[in-house]
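A short worksheet on the structure shown next.
Please treat every number below as a calculation from the coordinates, not as lab data. Remember, predicted model here, so these are calculated numbers, not experimental data. A quick note on method: Cβ atoms are made from the backbone with ideal geometry, for glycine too, and the neighbour counts reach across all protein chains shown.
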Amino acid sequence: MAIKEFLFLSALGIVGWRIVEVRNNPAVLQAQDDLRAELSVSGHIVSGGFSQLTSVSAEQAYQMIQAGQIFDLKNSNISRYFDWGEVFANRTSNEIRTITLQQLKNAVRHAQVLDKVRDAYGKPIHIASWWRDKESNRRAGGAYNSDHVKGLAIDIDHFSKSEKKKILDSASTISEVTGLGYPASSNKGHIESFTNNGRRKNSWFY
Ligand SMILES: [Zn+2]
């Protein structure tokens with residue numbers, strides 16, 4: 001974490017503590033909402049205190065999200081290589097609050113599989129889309145209750161079709177991976193795990 005970011009988080013920690021102290025004051029509650037809105041627009045959803053979500057259980061993380069307690073997603077690991085910012089990319093704090101406990105646990109399981117894919121590929125993997133709330137999924141043209149809504153699928157987006165293919169081929173060597181999508185016309189690809197009752201689907205080319 002850069003020193004500027006650290007100071008920023010520390011300052012927010014103090015603000016967060018003061019808000020708790022005077023939480024019945026409507027003006028303070030409004031200020032808290034404004035702060036959340038501002039930070040979610042910048043892509044960093046932050047509150048004082050938590051910078052490593054891995055130190056809390058899935059249940060605690062779920063309760064924090066439901067309570068509107070927000071944390072530094074980018075600096076909170078979901079697994080060895082991936083962070084919560086990647087799970088919730090481009091989602092507003094209101095959308096994030098619609099995640100269910102089961103979906104959140106699924107995202108953790110999928111992240112552990114993605115760690116294996118990352119090791120097999122040997123280089124960082126850029127995730128374009130992971131969990132989607134139902135409304136965003138509908139807008140993205142995804143199937144109702146798609147594996148993205150369940151937290152069990154990612155879309156990758158890489159700089160070249162050959163790298164994309166290497167990642168998907170690496171994923172095909174991991175037993176928990178149950179579905180792979182190879183769009184021919186773009187650098188994108190789709191990886192899902194634990195779907196289809198654990199049985200491998202045919203890869204689909206489109
Ligand atoms: Zn997908």
Hey, E135 surrounded by fewer than 21 Cβ atoms within 10 Å (Cβ to Cβ) and under 17 Å from L114 (Cα atoms) or not:
no
Restricting to the range 165-181, and then to whatever is within 13 Å of the ligand (Cβ to nearest atom) and within 15 Å of I127 (Cα to Cα), can you tell me which residue is surrounded by the most Cβ atoms within 10 Å (Cβ to Cβ)?
A171
Which of the residues spanning the range 145-164 are more than 13 Å from the ligand (Cβ to nearest atom), surrounded by fewer than 19 Cβ atoms within 10 Å (Cβ to Cβ) and more than 22 Å from L104 (Cβ to Cβ)?
F159, S160, K161, S162, E163
Could you list, in sequence order, the residues of the range 122-144 that are among the basic types (K, R), more than 10 Å from the ligand (Cβ to nearest atom) and within 19 Å of K105 (Cα to Cα)?
K134
